[in-house]
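Asker: Below are the structure tokens for one structure; questions will follow.
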Amino acid sequence: MSKHVVAAARDIPPGSRQLVTVKGRPIVVFNIRGEFFGVLNRCPHQGGPLAEGVLGGLVESSEPGQYRFSREGEILRCPWHGWEFDVRTGQSWCDPQKVTVRSYPVELTPGATIVEGPYVAETFPVSVEDQYVVVEV
């Protein structure tokens, strides 16, 4: 797999998402409490746009009448038919053994490491002298 810069981290604040295209693939990048995850913007059921889906959580119960809400903001519901997927893994909550949405690894990389390369621009010292800008060549 090749890596592609898709956005600055500040452009996808916690609790938000951004639809990007990488090599022709529409991928939704989610920021969940500072962690980033990517899934294909296509529900495997009938192709619904997952970027428009609602993020929720799980309601769990250890016994009748006892309920607990967990994993807030980590379960994505398709806007067309309500199929649910784990944003972290792509696993379906409708049929976990057979259905998944394609997930993509997402990482934060410091900008300094991205801009490094084999090319170096020629630089010149600049100084300010009595309110004049002077470039030394």
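All of the numbers you see were taken from the coordinates with simple rules; none came from a lab. A quick note: this is a predicted structure, and the numbers were derived from the prediction, not measured. Positions of Cβ are backbone-derived with ideal geometry, glycine not excepted, and every protein chain shown enters the neighbour counts.
Asker: Got a sec to turn the phi values of the range 83-94 into Karplus ³J(HN,Hα) couplings, 6.51 cos²θ - 1.76 cosθ + 1.60 with θ = phi - 60°, whole Hz, x for Gly and Pro?
Answerer: Once θ is set to phi - 60°, the couplings for the range 83-94 become 5, 10, 9, 6, 5, 5, 10, x, 4, 7, 9, 7 Hz.
Asker: Which ³J(HN,Hα) values, rounded to whole Hz and listed in residue order, are derived for the range 60-66 from phi using the Karplus coefficients 6.51, -1.76 and 1.60 in 6.51 cos²θ - 1.76 cosθ + 1.60 with θ = phi - 60°, glycine and proline given as x?
Answerer: 10, 9, 8, 7, x, x, 10
Asker: Assuming R0 = 22 Å, can you tell me the calculated FRET efficiency for the pair Cys94 and Ser62, based on Cβ-Cβ distance, to the nearest 0.05?
Answerer: 0.45
Asker: Compute the distance in nm between two label points, each set 7 Å from the Cα along the Cα-to-Cβ direction, one at His4 and one at Tyr104.
Answerer: 0.5
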